[in-house]
1. Segment 37-156: D in µm²/s via Stokes-Einstein (Kirkwood Rh, Cα pairs, 20 °C, 1.002 mPa s)?
2. For Asp56 and Thr122, FRET efficiency with R0 = 35 Å and r from the beta-carbon atoms, rounded to 0.05?
3. Please report the relative contact order for the chain, taking Cα pairs under 8 Å with a sequence separation of at least 6, and give it as a percent rounded to a whole number.
4. By per-residue mean of other Cβ atoms within 10 Å, what is the highest-first order of 39-45, 112-118?
5. Highest first, please rank the peptides 30-38, 56-64, 13-21 by the mean number of other Cβ atoms sitting within 10 Å of their residues.
Amino acid sequence: MLPEPAPDNDYHAPHLPLLLDSFHTLTGRHLLPPDPDPVETARLLYHAPFFLASHDTAPDPLFTYGNLTAQRLFEMTWDQFTQTPSRFTAEAPNRAERASLLQRVTTHGFIDDYSGIRISSTGQRFRITQATVWNLRDPHGQLLGQAASFQNWQRV
């Protein structure tokens, strides 16, 4: 498990090109304006006012990254977030819908129209809208996980 992003570990700058490049390749858009300084980009993403998270390809995928907005929304520390299977961000009745969404992403590369209810570690429910979810692929095309970003949510 990686320590929380911070200046002394360059905010995990080596992990973020995977998220950014996969997003740009699939959507033609940028999460942030391109910056030649990868550490500054990593810092901006970690402190961004929008949600950004990724998970791995394990049979029960674990989060590999969650910016501060993600941690706050799900009411978890970095250590808690990166030890959590991503399925636990949805209530049990909504997990089949979430699995269907992730299968659509696997098949089509990305979606940018997802809306749904999520739940924090303390039981606080919130609706996300217009989420983009995309596959994370290395330069050789190997699937390394999936990521999600959204900037619209409302407590319910």
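What follows is calculated from the coordinates using simple rules that are stated; it is not laboratory data. All figures in this text were calculated on a predicted structure; none of them were measured in a lab. In this analysis, Cβ positions are derived from the backbone assuming ideal geometry, glycine residues included, and neighbour counts consider all displayed protein chains.
1. 147 µm²/s
2. Working: r = 25 Å, r/R0 = 0.71.
Efficiency, rounded to the nearest 0.05: 0.90.
3. Computed value for the chain: 22 percent relative contact order.
4. Working: 39-45: 19.0, 112-118: 15.1.
Sorting 39-45, 112-118 by mean packing, highest first, produces 39-45, 112-118.
5. Packing proxy ranking, top to bottom: 13-21, 56-64, 30-38.
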